[in-house]
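Enquirer: Below is the structure I would like to discuss, written out as structure tokens.
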Amino acid sequence: MSTESAMLAQQFDDAAQQREASALGMWTFLATEALFFGVLFAGYTVCRVRFPAAFAAGSRHTDMLLGTIETAVLLTSSCAVALALRDVQLGGRRVAAWLLVLTAALGLSFLVMHGFEYYSEYREGLIPGIRYTQQGPLAGPMQLFFCLYYFITGFHSLHVGIGVILLLVMARRTWRARFSAQYYTPLELSALYWHLVDIVWIFVYPLIYLVGRAG
Amino acid sequence: MNAPTTSASPPSLRLHLIVLAALLALLLTSAGCALLPLGVFNTLSALGISVIKTLLVMAFFMRLRRGPPLLRIAAAVGFAWLAVLIGMTVADVLTRVVLPSPW
Amino acid sequence: MNSIESAVPPPRSYLDDGHSLRSWLFTHDHKRIAILYALAITFFFFLGGFAAMLIRLELITPAGDLLTADAYNKAFTFHGVVMVWFFLIPSIPATLGNFLLPMMIGARDMAFPRLNLFSWYLYMIGGLFTLAMLVLGGVDTGWTFYTPFSTMFSNGHVMLTVVGVFVVGFSSILTGINFIVTTHSMRAPGMTWMRLPLFVWAMYAVALVMVLATPVLAMTLSLIALERIFGVGIFDPALGGDPVLFQHFFWFYSHPAVYIMVLPAMGVVSELITAGARKRIFGYRFMVWAIVGISVVGFLVWGHHMFVAGQSMYASMVFSILSFIIAVPSAIKVFNWTATLYKGRIDFNAPMLYALGFVGLFMLGGMTGIFLAATALDVSLHDTYFVVAHFHYIMVGGSVMAYLGGIHFWWPKVTGRLYSQAWARFAAILMFFGFNLTFFPQYLLGYEGMPRRYHEYLPQFQVLNILSSAGASILAVSYLLPLVYLGWSLRHGPRAGPNPWRAKGLEWLTDSPPPTHNFEVTPVVNEGPYAYEDA
């Protein structure tokens with residue numbers, strides 16, 4: 001018998017109902033994630049409206065090239081996980097597993113790059129509360145920018161880390177043929193989660209790295 | 001409830017790669033726009049491009065384009081509520097009358 | 001499926017499906033999880049009630065003689081934190097909602113039973129943090145954690161409290177996701193949206209509010225924690241940060257949280273009134289849209305907590321108008337309950353008495369809410385006992401009355417036993433009088449200008465404060481009474497049939513207590529809710 005009927009929980013009538021329920025549950029969870037990060041973006045908006053110059057100055061301290069590369073890495077990883085899901089839906093196994101490993105590796109490289117960013121900022125004295133050596137009239141409100149920067153990227157990196165673990169688990173399960181063209185719900189939900197992580201970063205990128213670059 | 005158990009066939013490899021190329025092109029566009037002195041349009045273009053990128057990811061990678069409408073609603077509601085939070089909070093900050101401190 | 005089951009004897013009830021501790025702590029059955037929740041929230045209710053008794057004892061005399069100012073601050077903070085997050089928010093949804101939602105829509109269980117159990121464990125972990133906070137010495141910020149006091153000055157256990165509330169917030173998010181998905185995808189054949197009982201609608205709406213508001217609280221509390229750890233943050237005025245921003249975020253959650261408390265109460269009361277009057281609910285569609293309207297507009301009114309906090313006056317005007325607007329769907333509900341009672345054959349049983357108490361108290365609480373929504377009036381009433389009385393009328397007079405009404409109504413279904421109607425009626429009436437005696441004087445105190453959150457007050461306020469404290473002791477007795485007679489009924493009460501109230505609704509079709517999978521055969525629905533033969 002296929003994996004489909006073995007994976008049907010007793011409270012559901014059929015696989016379609018189960019799949020529908022899981023997808024809706026995941027999307028509802030993604031909505032909560034959007035609001036969870038949204039508070040930080042709301043705080044960002046309010047502070048930036050009040051201190052536009054300090055936010056531009058703070059943003060110029062960030063590493064735009066590295067930020068752009070990180071964005072490209074995450075966008076590519078999103079495509080890779082989508083292709084992995086496609087492959088499983090078409091009955092594939094090996095390619096899908098390797099695509100998932102690739103996604104996780106891209107996520108990991110994102111974290112490593114971010115680690116380098118944090119380290120150079122530490123050396124520059126840009127971390128409020130730990131090592132902040134900036135002087136001048138904008139130094140106070142610029143701390144708001146850097147607080148938000150660390151809160152946003154910190155929570156985002158936490159999500160990336162969880163996502164990497166999740167993707168590796170999914171890669172293992174895919175390799176062991178736990179999914180099939182009929183049953184792939186956990187993989188689908190993990191992919192959705194990874195796309196959300198990507199979407200959050202799509203907004204982080206211009207708000208953190210691109211402010212005041214032209215001036 | 002009586003939807004067919006197998007979902008529609010997944011989008012093609014070609015479509016995935018086209019979307020990825022579009023996303024990367026948009027990324028470079030937004031980086032390039034940020035370097036030009038456009039005034040307020042710097043922010044607007046950056047956010048506009050982010051919105052387009054998000055819509056691309058949601059429509060194609062997350063498969064909302066072909067998915068059940070309910071999921072599109074669920075996705076939209078989260079963003080709508082976020083807009084309420086940001087909108088009304090910023091509205092307060094923007095319309096405050098600054099009272100100079102008496103000392 | 002039917003042919004297999006018809007050969008075997010009727011299935012065991014969910015209570016007999018294993019008696020070990022393990023069978024309870026690892027259960028996936030929504031009914032057992034509901035009972036786990038009920039036990040936990042009852043514990044926290046009496047713990048929070050104990051703090052309330054300390055407050056009322058202190059306020060018998062104008063001098064601060066029983067508690068120090070610090071101890072008093074900790075008492076009211078503990079009372080607020082426990083009652084809001086560990087009792088009121090989970091009260092009806094996590095107990096009655098968990099138990100009834102799948103049964104009312106004809107499902108075998110929630111969509112995600114494991115997630116449901118996990119949410120109970122999260123609740124317990126959050127509760128342990130809160131208890132640890134209490135044991136280690138408490139916290140003095142008030143349940144609202146206003147910055148910069150909570151981030152920079154308070155010496156209490158703010159971190160423990162914040163972590164506890166953060167964790168319990170995720171428990172309510174998971175419950176919310178479960179309710180939404182269950183309502184969408186688990187309905188029995190023929191159970192269309194416009195045939196859902198109003199209790200299910202209320203659970204659906206409350207789940208939406210939980211899911212959309214709670215993440216904001218979670219992140220806001222994280223920001224407080226980070227600001228305490230690192231000493232810098234976006235609410236820090238020294239850096240140019242904005243403490244009022246915290247209030248925006250906090251009330252974006254905490255005002256809708258009031259609707260998390262009262263929407264389920266409205267759902268319960270709608271069931272109680274139709275069953276007690278033996279009539280269809282008056283204006284079913286209006287009731288549904290009122291529920292949806294309250295849950296949506298409830299998100300747009302949070303600024304009315306900040307009229308004197310430095311919010312811009314234009315924002316205050318908008319929030320004020322929106323707060324008036326939300327009175328409209330609330331009023332629709334009160335009118336429709338009244339119209340449902342009109343010419344009904346009313347059975348004044350205990351659940352009905354609780355429901356009638358709810359309608360009256362909710363109305364008083366709601367009307368005084370309109371006072372407070374008026375910006376000019378709020379300037380003088382803000383942070384007085386008028387506000388305290390107002391929200392206790394909604395939360396205690398409203399939600400707790402409805403919760404107890406619901407417990408009395410569905411007790412035979414949950415336990416399979418009937419309780420003493422005479423004692424239950426007595427407790428309901430006592431509660432109504434005790435409640436009014438406690439909180440009506442507080443309206444007068446607030447109107448005369450007694451501020452909240454002080455352990456001392458001017459001598460001219462003493463008479464009303466003594467009345468209030470006397471009422472609180474009556475209220476305490478009336479809360480303890482159900483423990484006795486409901487507990488007694490568990491062993492000695494007569495057995496209830498499947499439908500002791502002759503009420504409509506799918507949950508009454510199955511046995512009392514129900515079998516583990518609720519229905520032997522999935523019911524097919526072919527009529528709307530509350531199909532009573534109208535008198």
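The values are calculated or read from the model by the stated rules, or taken from the named source; none is laboratory data. Being a predicted model, the structure only gives us computed values, none of them experimental. Using ideal geometry, Cβ is built from the backbone for each residue, glycine included, and neighbour counts are taken over all protein chains shown. Protein only, heavy atoms only, side chains kept; ligands, DNA and RNA dropped before computing areas. Shrake-Rupley method; radii C 1.70, N 1.55, O 1.52, S 1.80 Å.
Enquirer: Straight-line reach from residue B:53: which aspartates and glutamates fall under 19 Å, measuring Cα to Cα and dropping same-chain residues less than 8 apart?
Expert: Candidates past the 8-residue exclusion: A:33, A:70, A:198.
Enquirer: When Lys and Arg each count +1 and Asp and Glu each count -1, what net charge do the other residues less than 15 Å away from residue C:265, Cβ to Cβ, add up to?
Expert: The answer is 0.
Enquirer: Once each part is reduced to its C-alpha centroid, what is the distance from region C:82-121 to region A:67-115 in angstrom?
Expert: Cα centroid to Cα centroid, the span is 37 Å.
Enquirer: For region C:150-197 and region C:224-297, compute the distance between their C-alpha centroids and round to whole Å.
Expert: 12 Å
Enquirer: Which whole-percent values make up P(r) of region C:21-508 when all C-alpha to C-alpha distances are grouped in 20 Å steps starting at zero?
Expert: Result, from short to long distances: 24, 60, 16, 0 percent.
Enquirer: Placing +1 on the Cβ of each Lys and Arg and -1 on the Cβ of each Asp and Glu in the protein assembly as shown, which of C:501, C:356, C:138 has its Cα farthest towards the positive end of the resulting dipole?
Expert: Result: C:501.
Enquirer: Further, regarding this structure: For region C:287-328, which residues drop by 30 square angstrom or more in accessible area between the chain on its own and all protein chains together (1.4 Å probe)?
Expert: Correct list: C:300, C:302, C:312, C:314.
Enquirer: Stick to Cα atoms and the Kirkwood definition of Rh, then tell me Rg/Rh for region C:144-250.
Expert: When Rh is taken as the Kirkwood radius, the ratio is 1.18.
Enquirer: For chain C, what number of Lys pairs, 8 or more residues apart or on separate chains, have alpha-carbon atoms under 16 Å from each other?
Expert: Lysine pairs meeting the criterion: 5.
Enquirer: On to the next question. Out of region C:164-254, which chymotrypsin sites (Phe, Trp or Tyr not before Pro) are coil in DSSP terms and have no more than 15 other C-beta atoms within 10 Å? Intermediate values should be presented prior to the final figure.
Expert: Details: sites: C:166, C:170, C:179, C:193, C:199, C:201, C:204, C:230, C:235, C:246, C:249, C:250, C:251, C:252, C:253; in loops: C:235.
Nothing satisfies the criteria.
Enquirer: Continuing with this model, one more query. Rounded to the nearest angstrom and ordered from largest down, what semi-axes does the equivalent ellipsoid of the protein assembly as shown get from its C-alpha gyration tensor (root of 5λ)? It would help to have the intermediate numbers written out before the result.
Expert: Numbers: eigenvalues 394, 285, 100 Å².
The equivalent ellipsoid of the protein assembly as shown has semi-axes of 44, 38, 22 Å.
Enquirer: Chains B and A: buried accessible surface, both sides, probe 1.4 Å, rounded to 100 Å²?
Expert: Values: alone 8630 and 11140 Å², together 15660 Å².
Counting both chains, the buried surface is close to 4100 Å².
Enquirer: Hey, any idea what the orientation-averaged projected area of the convex hull of region B:12-62's Cα atoms comes to, in nm²?
Expert: 3.2 nm²
Enquirer: Which of the trypsin sites (Lys or Arg not before Pro) across region A:117-182 are loop residues per DSSP, with 13 or fewer other Cβ within 10 Å?
Expert: Here the sparse-neighbourhood loop sites are A:176.
Enquirer: Dividing the Cα convex hull volume of region C:348-471 by residue count, how many Å³ per residue is that?
Expert: Enclosed volume per residue, from the Cα hull, is 104 Å³.
Enquirer: Another question, then. In nm², what is the average projected area of the convex hull enclosing the Cα atoms of region A:1-112?
Expert: For region A:1-112, the mean projected area of the Cα convex hull comes to 10.2 nm².
Enquirer: Where the centre of each part is set by its Cα atoms, how far does region C:7-72 sit from region C:337-351, in angstrom?
Expert: 31 Å
Enquirer: Same structure again: Among C:86, C:47, C:61, whose Cα projects farthest towards the positive end of the dipole of region C:42-153, with charges put on the beta-carbon of Lys, Arg (+1) and Asp, Glu (-1)?
Expert: Going by the Cα projections, it comes out as C:86.
Enquirer: On the accessible surface of the protein assembly as shown, probed at 1.4 Å, how many percent belong to carbon and sulfur atoms? Can you show the working numbers first?
Expert: On the way: 23020 of 32720 Å².
Exposed carbon and sulfur together represent 70 percent of the surface.
Enquirer: Considering the dipole of chain B built from charges on the beta carbon (Lys and Arg +1, Asp and Glu -1) around the Cα centre, which of B:56, B:82, B:46 is farthest to its positive end?
Expert: B:56
Enquirer: Taking a temperature of 37 °C and a viscosity of 0.692 mPa s, what whole-number D in µm²/s does Stokes-Einstein yield for chain B with Rh from Kirkwood over alpha carbon pairs?
Expert: Details: Rh = 17.4 Å.
Calculated translational D: 189 µm²/s.
Enquirer: Follow-up. Under a 1.4 Å probe, what is the accessible area of chain C per residue, stated in Å²?
Expert: 36 Å²
Enquirer: Moving on. Give me the dipole magnitude in Debye, nearest 20, for chain C about the Cα centre, with unit charges on the beta carbon: positive for Lys and Arg, negative for Asp and Glu.
Expert: 1320 debye
Enquirer: Let me ask something else. Mind listing, in residue-number order, the residues in region C:239-278 that have at least 30 Å² less accessible area with every protein chain present than in their own chain alone (1.4 Å probe)?
Expert: Buried by 30 Å² or more upon assembly, which counts only protein chains, are C:239, C:240, C:242, C:245, C:248, C:249, C:252.
Enquirer: Sticking with the crude label model, points 7 Å out along Cα→Cβ, report the distance from residue B:98 to residue C:488 in nm, one decimal please.
Expert: 7.0 nm
Enquirer: Suppose every K and R has +1 on its Cβ and every D and E has -1 on its Cβ; what is the size of the dipole of the protein assembly as shown about the Cα centre, in Debye to the nearest 20?
Expert: In debye, rounded to 20, the protein assembly as shown gives about 1440.
Enquirer: Under a plain spin-label model, where a point goes 7 Å from the Cα along Cα-to-Cβ, how far apart in nm are residue C:192 and residue A:94?
Expert: Taking the simple label geometry, residue C:192 and residue A:94 are separated by 5.4 nm.
Enquirer: Follow-up. For the interface of chains C and B, what total accessible area is buried with a 1.4 Å probe, rounded to the nearest 100 Å²? Provide the component values of the computation, followed by the final result.
Expert: Values: alone 21290 and 8630 Å², together 28440 Å².
Summing both chains' loss of accessible area gives about 1500 Å².
Enquirer: Still on this model: Which angle from 0 to 90°, rounded to the nearest 10, does the C-alpha axis of helix C:350-373 make with the longest principal axis of chain C?
Expert: Approximately 30 degrees, to the nearest ten.
Enquirer: If you don't mind, there's one more thing I want to ask. Roughly what would the spin-label model give for residue C:22 and residue C:68, points 7 Å off Cα along C-beta, in nm?
Expert: 5.0 nm
Enquirer: On to the next question. Using DSSP H assignments, which helices in chain A have an axial alpha-carbon span of 30 Å or above and a mean Kyte-Doolittle hydropathy of -1.0 or higher? Walk me through the numbers before you get to the answer.
Expert: Working: long enough: A:15-50 (52 Å, 0.62); A:64-89 (38 Å, 1.25); A:94-124 (45 Å, 0.63); A:139-175 (52 Å, 1.14); A:185-209 (35 Å, 1.16).
Long hydrophobic helices here: A:15-50, A:64-89, A:94-124, A:139-175, A:185-209.
Enquirer: May I ask you to list the trypsin sites (Lys or Arg not before Pro) in region C:435-535 that are in a DSSP loop and have at most 15 other Cβ atoms within 10 Å of their Cβ?
Expert: Values: sites: C:452, C:453, C:491, C:495, C:502, C:504; in loops: C:452, C:453, C:502, C:504.
Counting only loop positions with at most 15 other Cβ atoms within 10 Å, the trypsin sites (Lys or Arg not before Pro) in region C:435-535 are C:453, C:502.
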